[in-house]
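These notes concern the structure reproduced below.
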Amino acid sequence: MPHLAVNALRASYGPIEVLKGVSFSMEKGEIIGLVGPSGSGKSTVLRTLVGLTQATAGSVTIHEKSIDYSSGASVRDARDQMAIVFQQYNLFQNMSVLKNVTVAPEKIKKRPKQEVRAQAEKLLAMVGLADKLSAYPDQLSGGQQQRVAIARALALKPEILLLDEVTSALDPELVNEVLDTIRRLASEGITMILVSHEMSFIREVADKVIFMDEGEVIEEGPPKQMFDAPNTERARNFFGKIL
Ligand code: ADP
Ligand code: MG
């Protein structure tokens with residue numbers, strides 16, 4: 001059984017259906033690169049998975065637990081197993097770096113303080129910020145803040161980490177340090193769905209590339225095949241344009 005199986009997921013904004021039955025699956029430790037034109041529904045897939053957007057139909061099996069996504073209540077079960085990081089990192093400005101990472105596990109998950117702190121220190125070291133525990137967000141660069149946001153998401157111990165264009169708002173010279181952090185997570189075996197315009201990076205780290213257009217999965221496959229020899233006209237068009 002796959003670690004995550006998304007089955008015929010549908011979602012609408014008002015009368016407009018933007019996910020028209022999205023299906024895909026992934027194994028534990030796998031990295032999926034989710035790509036497609038702007039407006040194709042990539043963010044909506046991630047938002048729907050974590051319950052920020054309500055699905056109208058479909059089901060998701062995560063970590064051997066099946067969840068009916070068309071009923072809002074049960075989405076909480078899934079949300080607990082995934083964490084999302086956005087383009088805008090939205091750190092708590094009035095809290096130190098360490099506090100940003102520990103506050104949700106402590107206050108919402110009610111985990112023991114000592115354990116949460118030890119985990120946060122480990123995560124902040126992993127994203128290269130061991131020396132910034134007591135700094136405040138406004139003392140950090142955008143790249144450093146985004147790395148705190150990634151550590152904060154991982155502190156929730158998600159089965160799957162969802163990253164939605166996490167380098168898109170950064171100055172070009174800060175992009176690489178965040179990509180390096182994602183490489184590090186990949187080497188640690190963290191299961192991730194990566195939405196990004198950094199195509200050479202996707203090609204490098206993804207185990208599987210999923211190409212979406214107009215609310216549907218058009219084609220999926222190993223990066224080499226998707227980039228060099230996609231089967232569908234629409235994927236050829238897309239990859240042809242961006243290369
Ligand atoms: P992507 O992340 O691939 O650029 P999105 O998932 O953000 O695509 O958007 C998919 C479609 O849904 C687009 O047509 C977009 O305009 C529309 N959309 C996204 N968010 C909203 C919203 N909050 N209200 C109405 N329409 C939205
Ligand atoms: Mg998007």
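Nothing in this text is a laboratory measurement; each read-out follows from the coordinates by a stated rule. These figures come from a predicted structure and were not determined experimentally. All Cβ positions, glycine included, derive from the backbone under ideal geometry; neighbour counts span all protein chains shown.
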Scanning for something over 26 Å from GLN93 (Cβ atoms), away from ligand 2 (no atom under 16 Å from the Cβ), of a type outside the set (Ser, Thr, Tyr) and more than 15 Å from the chain's Cα centre (by Cα), does region 169-176 turn up at least one residue? no
I'd like to verify a number: residues in region 80-116 that are aromatic (Phe, Trp, Tyr) and under 18 Å from LEU170 (Cβ atoms), how many? 2
Output the number of residues of region 15-38 satisfying the condition of being within 16 Å of ligand 1 (Cβ to nearest atom) and either in contact with a Phe, Trp or Tyr (Cβ under 6 Å, 6 or more places away or on another chain) or in contact (Cβ under 8 Å) with a residue 24 or more places away in the chain (or both). 13
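From GLU64, GLU115, GLU106, grab the single residue that is over 24 Å from VAL166 (Cβ atoms) and either touching a residue at least 60 places away in the same chain (Cβ under 8 Å) or among the β-branched types (Val, Ile, Thr) (or both).
GLU64
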Evaluation of ILE67 against (1) among the hydrophobic types (A, V, I, L, M, F, W, C); (2) within 18 Å of the chain's Cα centre (by Cα); (3) more than 15 Å from ligand 1 (Cβ to nearest atom) (one fails), failing number: (2)
Residues located in region 134-143, provided they are surrounded by fewer than 17 Cβ atoms within 10 Å (Cβ to Cβ), of a type outside the set (Gly, Ala, Ser) and either in contact (Cβ under 8 Å) with a residue 60 or more places away in the chain or not in a helix (DSSP H, G or I) (or both): TYR136
ARG147 is checked against (1) assigned to a loop (DSSP other than H, G, I, E, B); (2) charged (D, E, K, R); (3) surrounded by 19 or more Cβ atoms within 10 Å (Cβ to Cβ) and fails just one. What number does that condition carry? (1)
Out of the residues in region 15-39 meeting the condition of being of a type in the set (S, T, N, Q) and more than 10 Å from ligand 2 (Cβ to nearest atom), tell me which one is surrounded by the fewest Cβ atoms within 10 Å (Cβ to Cβ). SER23
Among THR48, THR56, THR44, which is touching a Phe, Trp or Tyr at 6+ places or on another chain (Cβ under 9 Å), of a type in the set (Ser, Thr, Tyr) and farther than 29 Å from ALA169 by Cβ? THR56
Within region 136-177, which residues are more than 12 Å from ASN100 (Cβ to Cβ), touching a Leu at 6+ places or on another chain (Cβ under 9 Å) and of a type in the set (Gly, Ala, Ser)? SER141, GLY142, GLY143
Out of all the residues in region 186-211, which are touching a Lys or Arg at 6+ places or on another chain (Cβ under 6 Å) and within 16 Å of ligand 1 (Cβ to nearest atom)? VAL195
Could we say that LYS42 is surrounded by fewer than 17 Cβ atoms within 10 Å (Cβ to Cβ) and of a type outside the set (A, V, I, L, M, F, W, C) here? no
Identity of the residue in region 4-14, of a type outside the set (S, T, N, Q) and more than 9 Å from ligand 1 (Cβ to nearest atom), that ends up surrounded by the fewest Cβ atoms within 10 Å (Cβ to Cβ): ALA8
